[in-house]
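The values are calculated or read from the model by the stated rules, or taken from the named source; none is laboratory data. This structure is a prediction, so every number in the text was calculated from the model and none was measured. Quick reminder, even Gly has a Cβ in these numbers, built from the backbone with ideal geometry, and neighbours come from all protein chains shown. Each accessible area value is taken on the protein alone, full model and side chains, heavy atoms only, with ligands, DNA and RNA left out. Shrake-Rupley method; radii C 1.70, N 1.55, O 1.52, S 1.80 Å.
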Amino acid sequence: MNITKKEQKIIQRALTEWESHGDLSSEKRQQLSDSLNIATFDWKRLSRYSFWAASICIVVSMGSLFADSFLMEYLGRFINYLNNFVLYVIDNVFVIRILFPTLIALGCYGWGFYRQRSQEQWHYSTEAILFFGVVFTALAISQLGVALDNGSGHIAPLFLIGCIIYGLIGFVARSGMIWLFFLLSLGNWFGLETGYMSDGGTYWLGMGYPIRFVLFGSVLLFLCFVTQSLLQQRHLLTISKIMGLLYLFVALWILSIFGNYSLNEWHRLHQTALLPWVILFFLASLLCIYISLKTDDGMLRGFGLTFLGINIYTRFFEYFWDNMHKVIFFLILGISLAIIGRYAEKIWHTQSKNCE
């Protein structure tokens with residue numbers, strides 16, 4: 001078995017523990033230890049990061065291509081030489097902009113799903129191919145929006161089309177990367193659709209954007225709970241929970257600063273008017289920590305503690321920046337951060353000793 005040095009320490013510690021309790025003989029422990037092959041370099045991680053970097057580079061490249069009218073003109077001429085029917089395309093450049101990425105996206109999806117069935121060992125490269133299909137799908141949808149633009153500014157349906165495609169591809173392919181793209185697009189669609197329904201105003205059904213996304217994040221987390229077993233089978237539960245928590249807590253943080261008020265109203269507010277939102281932010285963080293302790297969920301605990309700290313430091317800046325001498329302000333800030341750093345250092349050293 002090929003493992004990293006970190007994994008080797010954990011496995012050796014487990015084998016030693018089992019031997020000391022009599023669950024494993026010395027000969028068997030030695031046999032299992034000898035079967036471990038420590039990799040000198042983490043090629044798996046390099047593969048994952050390389051494909052991520054390649055995906056980003058190709059996204060930037062394609063964005064530059066479709067923004068360059070000169071290149072698009074020559075691309076249209078090239079397609080004209082290959083296909084007689086593209087004579088119409090030369091008179092309508094948007095057809096090129098839609099047709100070209102659509103064909104590439106379909107090719108990427110076909111190739112990616114074929115590799116998934118026949119070459120399961122090439123996980124990261126297959127996921128990158130499918131992600132390129134998603135990128136070209138997004139390009140095609142954006143160009144479709146430009147071609148159909150009637151000046152209404154209602155682009156949310158285009159995002160919804162993208163969400164359906166990304167969600168299906170991510171779910172079928174069990175791809176966390178594509179599923180993340182789906183969840184991000186879903187949030188964009190929700191914001192754009194509610195913004196259009198409010199005629200571009202601040203409020204929709206009396207709710208500003210932060211409250212809307214508190215509800216959006218809460219619904220997403222509820223759906224994660226209801227469909228937990230299904231998402232777990234597709235390896236999509238963790239990323240879904242992370243995005244739900246991010247939508248929820250970032251929106252609560254913004255609410256604790258601005259409340260459900262417009263900027264004109266916010267400038268005239270006293271800090272006490274925001275206190276209900278601050279308390280709600282605290283309670284959400286504490287609830288997250290409580291659930292994590294009951295379920296032993298490290299991710300929930302991390303979110304709860306992180307945003308509890310963000311809440312405390314945000315209030316510190318709000319209440320004391322103008323009312324406290326800067327020497328005392330930064331002294332308290334520095335001491336508190338040093339205490340947190342020292343506590344984190346102790347945990348780090350304890351975990352390191354346990355792995356030895």
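What is the one condition in (1) at pLDDT 90 or above; (2) surrounded by fewer than 18 Cβ atoms within 10 Å (Cβ to Cβ); (3) under 24 Å from Ser152 (Cβ atoms); (4) of a type in the set (A, V, I, L, M, F, W, C) that Phe190 does not satisfy?
Unmet for Phe190, out of (1) at pLDDT 90 or above; (2) surrounded by fewer than 18 Cβ atoms within 10 Å (Cβ to Cβ); (3) under 24 Å from Ser152 (Cβ atoms); (4) of a type in the set (A, V, I, L, M, F, W, C): (2).
Out of everything in the stretch 230-257 that is free of Cβ contacts under 8 Å to residues at least 60 places away in the same chain and open to solvent by 80 Å² or more (accessible area, probe 1.4 Å), what residue ends up being nearest to the chain's Cα centre (by Cα)?
Gln232
Condition first: out of contact with any helix residue (DSSP H, G or I) (no Cβ under 7 Å at 6 or more places or on another chain) and on the phi > 0 side of the Ramachandran plot. Now tell me which residues in the stretch 247-299 satisfy that.
Asp296
Quick check on Gly195: is it under 30 Å from Ala105 (Cβ atoms) and open to solvent by less than 20 Å² (accessible area, probe 1.4 Å)?
yes
Output the residue which, of all residues in the stretch 121-164 that are closer than 19 Å to Thr194 by Cα and of a type in the set (A, V, I, L, M), is farthest from the chain's Cα centre (by Cα).
The residue in question is Ile155.
Determine which single condition Phe330 fails, assuming it passes every other condition in (1) open to solvent by 90 Å² or more (accessible area, probe 1.4 Å); (2) within 30 Å of the chain's Cα centre (by Cα); (3) at pLDDT below 85.
Tallying (1) open to solvent by 90 Å² or more (accessible area, probe 1.4 Å); (2) within 30 Å of the chain's Cα centre (by Cα); (3) at pLDDT below 85, Phe330 fails exactly one: (2).
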